[in-house]
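This report concerns only the one structure given below.
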């Protein structure tokens, strides 16, 4: 689903054909321990209002900061014009940890999927984690590769539009995350 991690993968893919791997590694630094937490029954923690508020405001602020930086550089079109000062791993980590819906997904849908996998024992949960993570790795690697390989086709205008759109997506998600926990 298009979201902050996808937007940052598009941006980082412009810099490197393997940026998706770094983004997924950063994403996995958050996701793998979270899966363990959900597995051991702590999913209820993410339903606490204080936790939702802290993650929503802090995460939304980080996304707004990253999105505004991306929006500011949208017209710079050269190999050295980085979308973020962070590397791919850090960008993957930050967009994952700052997305409260990521945590909500794992506390609800992810936990339900894991419950099904657990019926097959330890091998079931390990296969579930492996297949899930390999799916992320394959998708985001493909996205960054396609962006990198096609960037020579991007006009200055298209570059500005895509980077402005991705920056706007990050800002929009950040604003929505803050708005959704404040009301």
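Each value in this text was obtained by applying a stated rule to the coordinates, not by laboratory testing. All of these numbers come straight from a predicted model, not from anything done at the bench. Counting neighbours? That spans all protein chains shown, and the Cβs are built from the backbone with ideal geometry, glycine included.
Looking at 128, 163 in this structure, which one is within 21 Å of the chain's Cα centre (by Cα), over 20 Å from residue 55 (Cα atoms), surrounded by 15 or more Cβ atoms within 10 Å (Cβ to Cβ) and free of Cβ contacts under 8 Å to residues at least 24 places away in the same chain?
128
Does residue 150 satisfy the condition of being assigned to a helix (DSSP H, G or I) and more than 16 Å from residue 32 (Cα to Cα)? Walk me through it before giving the result.
Details: assigned to a helix (DSSP H, G or I): yes; more than 16 Å from residue 32 (Cα to Cα): yes.
Yes.
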Is one or more of the residues making up the stretch 100-119 over 20 Å from residue 39 (Cα atoms), surrounded by 19 or more Cβ atoms within 10 Å (Cβ to Cβ) and in contact with a helix residue (DSSP H, G or I) (Cβ under 6 Å, 6 or more places away or on another chain)?
no
Among residues of the stretch 1-60 being within 14 Å of the chain's Cα centre (by Cα) and assigned to a loop (DSSP other than H, G, I, E, B), the residue nearest to residue 117 (Cα to Cα) is 1
